[in-house]
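The values are calculated or read from the model by the stated rules, or taken from the named source; none is laboratory data. Computed from a predicted structure; not experimentally measured. FYI the Cβ positions are ideal-geometry reconstructions off the backbone, even for glycines, and counts take in every protein chain you see.
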Amino acid sequence: MNKRFWNWVEQENGRTLYLDGYIAEDSWFEDDITPKQFKSELYGSKDNITIFLNSPGGDVFAASQIYTMLREYPGKVTVKIEGIAASAASVIAMAADEIEMSPVAMMMIHNPATVVFGEASDLKTGIEMLSEVKESIINAYEQKTGLSRTKIAHMMDAETWFNAKKAVDLGFADMVLYEEEPNNQIYESPSAAFLFDKLTVTNALIKKLPINQVKQKSKIEKPNNTTPISQLEKRLNLIK
């Protein structure tokens, strides 16, 4: 039996679904049993469901199926992001009627990736396929956030991460859990609300490296044994 990435718990006020870990860890794509089993368990009742989501992502096609199943579900669907909803997991979150994030949770969106081998035509087909997959993912983000497709595409290009408050500000989530008063801060530009991306993080880390700090210090403090430029010029003339 395949290892499942989901687990149902029956509660008094409805059902709770735990999506934890890698989406479709063992099998999903081209698997007749796993999607049917998930759908059967999902539609086993029409009660409202709460989904606790903590996943780094996984199979985008598995996420697409789960997204559609949740959108079709007759009861109310609430997603609570307790740790991380990255990559394909963030797509699943977009299917909820309400998305709530723990104040210490994170969300990440980026471009889809795959492995392609073969001749030039195969590589070209792979590129075209990834482009279409990206557009399909943008559809889910656009419907939830109301942001333009261009802005969402730029966020995905940069592999953008959001903390809970900024996810709410941009429309990727509806509320931050445990807040007594909702955060009504509105950013002038969605691009200014990015928590960080690859380039920002890389540059920030480089500045903090010990070797870089030594270089910066050496520019400020002039060593006592430095030879004056005038003396160096005299020595060069003598050599000539």
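Before moving on, here are some points about what is shown:
- Pairs meeting the criteria (first residue in region 26-48 and of a type in the set (Lys, Arg), second residue in a helix (DSSP H, G or I), beta carbons under 8 Å, at least 6 apart or on different chains) are 39/69.
- Region 10-64: number of residues that are of a type in the set (Asp, Glu), more than 16 Å from residue 93 (Cβ to Cβ) and not in a loop (DSSP other than H, G, I, E, B): 2
- Some residue of region 100-108 being modelled with pLDDT of 95 or more, under 13 Å from the mean Cα position of the chain (by Cα) and assigned to a loop (DSSP other than H, G, I, E, B): yes
- Per the listing 85, 95, the residue uniquely in a loop (DSSP other than H, G, I, E, B) and of a type in the set (A, V, I, L, M) is 95.
- Yes/no for residue 129 being of a type outside the set (Phe, Trp, Tyr) and surrounded by 20 or more Cβ atoms within 10 Å (Cβ to Cβ): no
Conditions tested, residue by residue: (1) over 25 Å from residue 113 (Cα atoms); (2) out of contact with any strand residue (DSSP E or B) (no Cβ under 7 Å at 6 or more places or on another chain).
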site	(1), (2)
6	no, no
52	yes, no
62	no, no
65	no, yes
68	no, yes
78	yes, no
83	no, no
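- Matching residues in region 22-48 - criterion: being touching a Gly at 6+ places or on another chain (Cβ under 6 Å) and surrounded by 12 or more Cβ atoms within 10 Å (Cβ to Cβ): 22, 23, 24, 47, 48
- Scan of region 71-81 for residues that are touching a helix residue (DSSP H, G or I) at 6+ places or on another chain (Cβ under 7 Å) and surrounded by fewer than 24 Cβ atoms within 10 Å (Cβ to Cβ), ordered by number: 73, 77
- Applying the condition of being within 17 Å of residue 89 (Cβ to Cβ) and small (Gly, Ala, Ser) to region 141-169 and asking which residue is surrounded by the fewest Cβ atoms within 10 Å (Cβ to Cβ) yields 164.
- Taking residues in region 84-96 that are within 15 Å of residue 134 (Cβ to Cβ) and touching a residue at least 40 places away in the same chain (Cβ under 8 Å), and partners anywhere that are basic (Lys, Arg) and assigned to a helix (DSSP H, G or I), the pairs with Cβ atoms closer than 7 Å and at least 6 places apart or on different chains are 94/144.
- Number of residues in region 5-26 that are more than 22 Å from the chain's Cα centre (by Cα) and on the phi < 0 side of the Ramachandran plot: the value is 9.
- Residues satisfying the stated conditions in region 82-97, i.e. buried (at least 24 other Cβ atoms within 10 Å of the Cβ), more than 17 Å from residue 155 (Cβ to Cβ) and out of contact with any Phe, Trp or Tyr (no Cβ under 7 Å at 6 or more places or on another chain): 96
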